[in-house]
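Undergrad: One structure, pasted below without further comment.
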Amino acid sequence: MGIVERSDMATGALLEGKVIVLIEGSVLALVAPKLFFEFFISSDDLYDDKFIAILGKYVRMYSTFLSVTMTALYVAILSFHIDTLPGDFIFTIYDSNQGVPFSIAIGALIIELVVEMLREALLRVPKQIGAAVGIVGGIVIGQAAIAAKIFSPLLLIVVSISLLSSFTAPDYTIMNSLRIIKFFLIIASSFFGLIGFSLAISIVLIDMISTNTFGIPYLTPFTPFNWHDFKNVFLYGKDISFLRPKFLRTKDKTRFKK
């Protein structure tokens, strides 16, 4: 199940044939079933130009993928496969890691835990000062860590990009599980390099493919592939959206008349 914060999104889900649960006293609604790709659909996509909406959707998916895998790839490449990088870049990385007391994997885990601490702290402080605390805290901690040679500057850049990418998903509830998967990928990459990274990604994908949400495969319309639903998800436009998704298997196939 997913969370719906806007009435127009709830109405759109009803038109598709989904179930909306309203709870008295709550400003949020629950929608079922919720599929993986739907976490990247923004309400603005329904009102923006079709091509802008398609671009934004791909950017969100790409950013979310980066937020989960970027730190793990950094650990895998620099710990086991640094010979795959250009020669000049290898010397630059070597110079930046001089004097750093932690290994690449331990440093990545520590800085990711610090980022999680900062993220949780920002949820508890008042909104008026939350942004200022986040910006000042990040800059001060980052600059102090680089000056003290506790962490590599490149590692801080990678973790910062990963953190910023995690805020692109419109339905942020998806990031709660992806944050745990990120640590799983980092640990697997720190032991076995790119082989461990590939195995960990495969385990996650196998689990997602095997998951059903109210009898519907979680990765629909990827698996099983359906061109009608795939087109409506990734090439969405009001001119092709008058039919309900086929994966819902509704009795009435029409969302609205032409």
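Just so it is clear, none of the values below were taken in a lab; they were calculated from the coordinates. Just so you know, these numbers come straight off a predicted model, no measurement behind them. All Cβ positions, even for glycine, are placed from backbone atoms using ideal geometry, and neighbour counts span all protein chains on display.
Undergrad: Based on the alpha-carbon set only, what is the convex hull volume of segment 1-127 divided per residue, in Å³?
TA: 194 Å³
Undergrad: On a full-extension model of 0.36 nm per residue, what is the gain between Phe51 and Leu85, subtracting their alpha-carbon distance, rounded to one decimal in nm?
TA: That pair, Phe51 and Leu85, stretches by 8.7 nm at full extension.
Undergrad: Please check: in the Gaussian network model of the chain (C-alpha springs, under 10 Å), which one of Ser103, Ser160, Ser152 has the largest mean-square fluctuation.
TA: Ser103
Undergrad: Report the FRET efficiency, 1/(1 + (r/R0)^6), for Tyr172 and Gln143, where r is their Cβ-Cβ distance and R0 is 30 Å, rounded to 0.05.
TA: Rounded to the nearest 0.05, the efficiency is 0.60.
Undergrad: For segment 33-219, treating each Cα as an identical point scatterer without solvent, what Debye log10 I(q)/I(0) comes out at q = 0.10, 0.11, 0.16 1/Å?
TA: -0.49, -0.59, -1.12
Undergrad: Further, regarding this structure: For segment 33-219, calculate the relative contact order in percent as a whole number, restricting contacts to Cα pairs under 8 Å that are 6 or more residues apart. Before the final figure, lay out the partial values.
TA: Numbers: 175 pairs, mean separation 75.5, N = 187.
The value is 40 percent.
Undergrad: Please check: in the Gaussian network model of the chain (C-alpha springs, under 10 Å), which one of Ile146, Ile104, Ile23 has the largest mean-square fluctuation.
TA: Ile23
Undergrad: Work through the residues other than Phe37 whose Cβ is under 13 Å from its Cβ and net out their charges, Lys, Arg +1 and Asp, Glu -1.
TA: Computed value for this residue: 0.
Undergrad: If you don't mind, there's one more thing I want to ask. Ignoring the sites themselves, what is the longest stretch of the chain with no chymotrypsin sites (Phe, Trp or Tyr not before Pro) in a DSSP loop and at most 13 other beta-carbon atoms within 10 Å? Could you put the intermediate results ahead of the total?
TA: On the way: sites that count: Tyr47, Phe167, Tyr172, Phe214, Phe225, Phe242, Phe256.
Longest gap between qualifying sites, sites excluded: 48-166.
Undergrad: Helix check for the chain. Which DSSP H runs span at least 15 Å along their own axis by Cα, with a mean Kyte-Doolittle hydropathy no less than -1.0?
TA: 50-80, 104-124, 127-147, 153-165, 174-210
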